[in-house]
Amino acid sequence: MASQQAQQQGPGPAQSAQLQAAVLQQQQQQQQPSQQQDFDPVHRFKLLIPHLKESLQNVMSIAALNFGHNTAIDNGIKSNDALIQRFDKSLEEFYALCDQLELCLRLAYECLSQSVDSTKHSPSLVPTATKPDTGQAESLSYSQYLSMIKSQISCAKDIHNALYECSKTIAGKSQQQGIM
């Protein structure tokens, strides 16, 4: 009877600690092969998905056990002495994983949009000293690259000046309206 209750309540504290240690060891082993993968949000997302599934299963099983326990108490079958797992802790763990996944997705989106903007504003590559000619016909010479950068700087200055003049105009109009 006691073993059935222990099985219904899920993993105990010792089993939970062993599970967490195994997960940490697995994460460390997966992080060792390449430091670049640590910074890849898509890779991190893929690593977190199995943990999210496990956490969701844990939340659902604890919720089911708590419902059963509360129903038994309401029907007068059991007393409140039985040790049950805390639903709020498992739900908090689930939400923490969801937050990590959301951050991974936001970071991946930012990386993608930065890459798109980079290719949009500088579509051609400049050959580097370590790879002088990789066979790309679309690469720019250094002087062409400098002229492109100078045009981008002048465009940024024009935008800055236009915004500055606009803010002066708006500030002047608001002061004139304040005088009236």
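Here are the numbers for this structure:
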| item | result |
| --- | --- |
| Any hit, the range 125-146, residues being among the β-branched types (Val, Ile, Thr), more than 30 Å from ASP40 (Cα to Cα), modelled with pLDDT under 90 and open to solvent by 90 Å² or more (accessible area, probe 1.4 Å) | no |
| Residues that are part of a helix (DSSP H, G or I) and either of a type in the set (Ser, Thr, Tyr) or surrounded by fewer than 14 Cβ atoms within 10 Å (Cβ to Cβ) (or both), drawn from the range 73-97 | ILE73, ASP74, ASP88, LYS89, SER90, GLU92, TYR95, ALA96 |
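The values are calculated or read from the model by the stated rules, or taken from the named source; none is laboratory data. Just so we're clear, the structure is a prediction, and the values are computed from it rather than from any experiment. When we count neighbours, we look across all protein chains shown, and the Cβ atoms used for this are built from the backbone with ideal geometry, even at glycine. SASA here: full protein model, heavy atoms, side chains in, ligands and nucleic acids out. Shrake-Rupley method; radii C 1.70, N 1.55, O 1.52, S 1.80 Å.
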